[in-house]
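One structure below.
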Amino acid sequence: MKILAIETSCDETSAAVVKDGRKILSNIVSSQRDIHSLYGGVVPEIASREHLKLLDPVVKKALKESETTMEDIDALAVTQGPGLVGPLLVGLSYAKGLSYSKDLPLTPEHHIKSHIYANFLEEDKDEKKPEFPLLALVVSGGHSDIIYMKDHGNFEFLGRTIDDAAGEAFDKVSRALGLGYPGGPEIDKLARQGEDGAVEFPRAKLKDKDNGAFDFSFSGLKSAVLNYLNRCRMKNEPVSKEDVCLGFQKAVIDMLVTNTLNAAREKNVREILLAGGVSANSALRDEFKERASNMGIKVRYPSPALCTDNAAMVAAAAYQTYQQYQQDQQGEEFEKNFKKLDLNAVPNLSL
Ligand code: KG4
Ligand code: ZN
């Protein structure tokens, strides 16, 4: 089954062709990073206009690179939410147009589910697919969620952030340090040159009647970094950006790894899937592997390009949706569910 998928939830315009939910035939990502970096973050209206301009050529390139024509495509998929409403609508409208004109089924997919399913894409032929039950840690610009999955399509939230998302904290600290946007890759790079222990920041530990044991908080850490920078400025003391990056990054990673491994212990899972832009972080991957292997837990993560927003992961999620519905529904019912022209963008879509 060949799926053509479209992703436009934020500031990457992407289209991909994926075979059987596993084999990537093409995955084109056109980033608007340079435009938004002028403003220090994503400007939704500009993002919508860029998607309008870029999506059609990106889809055509995805078809060409996969050596596929629309006639070879069996089904379509598009991100429905969560995300920015304007950008989502551009992708959704385009996908509905294709579905109608080519008479192809279209499934709306959830962005977080897609990030998790990036781990099901084949990167190494000998690697087996992830096995349930498992935990997924989704860490992106908008999410920091620990999710328990008993099976395909079954999501139980065990922990989430009560304030900033992990990626958001990276982006805000990066801005305070005068580094670029997005902040994660810059901090990741500079932290490698930092001196261990030179600058330390506190970790938030939450466990009270309002917050679950596996919830996160990153805004206190962000404030601690801003206060440190202000203090240095007032005392005219020099700031080592490398040391600040390392101290900040270590605190984020410690919180993410500790809560996820505690949740893994409680649920007795043997696999953890990392997902979302922050899971591209090299130190996060290393620390997870090391601490999880002591507990006999396998940690997986997609290659860095598949951690950040891309359409191949949407196709991977959609394959599972089609598999499930093809088993449960036949003929007219399947047609009714997958040829809906009244699909709308849902900026706060829940899983
Ligand atoms: O998943 P994603 O591409 O978009 C959202 O759905 O939000 O994630 C983007 C986030 C940004 O906050 C970015 O700073 C962060 O992922 N990020 C990283 C790294 N690469 C991207 N954070 C830490 N280390 C990285 N190497
Ligand atoms: Zn994302």
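The values are calculated or read from the model by the stated rules, or taken from the named source; none is laboratory data. For clarity, every value in this text was computed on a predicted model and none was experimentally measured. Because the Cβ atoms are built from the backbone with ideal geometry, glycine has one as well, and the counts that use them run over all protein chains shown. Heavy atoms of the whole protein, side chains included, go into the accessibility calculation; ligands, DNA and RNA do not. Shrake-Rupley method; radii C 1.70, N 1.55, O 1.52, S 1.80 Å.
Kindly list, by first and then second residue, each pair from a residue in the range 32-56 that is over 15 Å from Leu84 (Cβ atoms) to a residue that is outside any helix (DSSP H, G or I) and of a type outside the set (S, T, N, Q), limited to pairs with Cβ atoms under 6 Å and residues at least 6 apart or on different chains.
Note: pairs meeting the criteria are Ser37/Gly180; Ser37/Tyr181; Gly40/Tyr181.
Restricting to the range 111-151, give me the number of residues that are within 12 Å of ligand 2 (Cβ to nearest atom) and of a type in the set (A, V, I, L, M).
5
Kindly indicate whether any position in the range 2-22 is away from ligand 1 (no atom under 16 Å from the Cβ), in contact with a Lys or Arg (Cβ under 9 Å, 6 or more places away or on another chain) and not in a strand (DSSP E or B).
yes
Within the set of pairs 6+ apart or on separate chains, which have a first residue in the range 290-305 that is closer than 12 Å to Pro130 by Cα and more than 16 Å from ligand 2 (Cβ to nearest atom), a second that is open to solvent by 50 Å² or more (accessible area, probe 1.4 Å) and part of a helix (DSSP H, G or I), and C-beta atoms under 6 Å apart?
From residues that are closer than 12 Å to Pro130 by Cα and more than 16 Å from ligand 2 (Cβ to nearest atom), the pairs are Val299/Lys289.
Within the range 287-302, which residues are open to solvent by 40 Å² or more (accessible area, probe 1.4 Å) and more than 12 Å from ligand 1 (Cβ to nearest atom)? Give the steps one after another, and end with the answer.
Step one: filter the range 287-302 for residues open to solvent by 40 Å² or more (accessible area, probe 1.4 Å), giving 287, 289-291, 293-296, 298, 301.
Across the range 287-302, the qualifying residues are Glu287, Lys289, Glu290, Arg291, Ser293, Asn294, Met295, Gly296, Lys298.
Determine, yes or no, whether Ala305 is small (Gly, Ala, Ser) and crowded, with 17+ Cβ neighbours inside 10 Å.
Details: small (Gly, Ala, Ser): yes; crowded, with 17+ Cβ neighbours inside 10 Å: no.
Here the answer is no, as Ala305 does not meet what is asked.
Would the range 268-290 turn up any residue that is at positive phi and either assigned to a strand (DSSP E or B) or in contact with a Lys or Arg (Cβ under 9 Å, 6 or more places away or on another chain) (or both)? Break it down into steps so the answer makes sense when it comes.
Kept after step one, since they are at positive phi, are these residues of the range 268-290: 268, 276.
Subsequent filtering for residues that are either assigned to a strand (DSSP E or B) or in contact with a Lys or Arg (Cβ under 9 Å, 6 or more places away or on another chain) (or both) retains none.
For the range 268-290, residues at positive phi and either assigned to a strand (DSSP E or B) or in contact with a Lys or Arg (Cβ under 9 Å, 6 or more places away or on another chain) (or both): absent.
Is it fair to say Ala198 is modelled with pLDDT under 95, of a type in the set (Gly, Ala, Ser) and either within 16 Å of ligand 1 (Cβ to nearest atom) or part of a loop (DSSP other than H, G, I, E, B) (or both)?
Numbers: modelled with pLDDT under 95: no; of a type in the set (Gly, Ala, Ser): yes; either within 16 Å of ligand 1 (Cβ to nearest atom) or part of a loop (DSSP other than H, G, I, E, B) (or both): yes.
No, not satisfied.
Is it the case that Cys232 is surrounded by fewer than 17 Cβ atoms within 10 Å (Cβ to Cβ) and of a type in the set (A, V, I, L, M, F, W, C)? So that I can check it myself, show each step before the final result.
On the way: surrounded by fewer than 17 Cβ atoms within 10 Å (Cβ to Cβ): yes; of a type in the set (A, V, I, L, M, F, W, C): yes.
Taking the combined requirement at face value, the residue satisfies it.
Looking only at the range 78-105, which residues are surrounded by fewer than 24 Cβ atoms within 10 Å (Cβ to Cβ), of a type outside the set (Asp, Glu) and farther than 11 Å from Ser9 by Cα?
Once the filter is applied, which keeps residues that are surrounded by fewer than 24 Cβ atoms within 10 Å (Cβ to Cβ), of a type outside the set (Asp, Glu) and farther than 11 Å from Ser9 by Cα, the range 78-105 yields Ser93, Tyr94, Lys96, Gly97, Leu98, Ser99, Tyr100, Ser101, Lys102, Leu104, Pro105.
Only one residue in Cys245, Cys232 is without any contact (Cβ under 8 Å) to a residue 12 or more places away in the chain and either touching a Lys or Arg at 6+ places or on another chain (Cβ under 8 Å) or part of a helix (DSSP H, G or I) (or both), so which one is that? Show your work before the answer.
Values: Cys245 fails: without any contact (Cβ under 8 Å) to a residue 12 or more places away in the chain.
Answer to the check: Cys232.
Hey, does the range 155-169 have a residue that's crowded, with 24+ Cβ neighbours inside 10 Å, in contact (Cβ under 8 Å) with a residue 60 or more places away in the chain, within 15 Å of ligand 2 (Cβ to nearest atom) and not hydrophobic (A, V, I, L, M, F, W, C)?
yes
Identify the residue in the range 294-351 that is under 20 Å from the mean Cα position of the chain (by Cα), of a type in the set (Ser, Thr, Tyr) and in a helix (DSSP H, G or I) and, among all such residues, is modelled with the highest pLDDT.
Only one residue tops the list, namely Tyr319.
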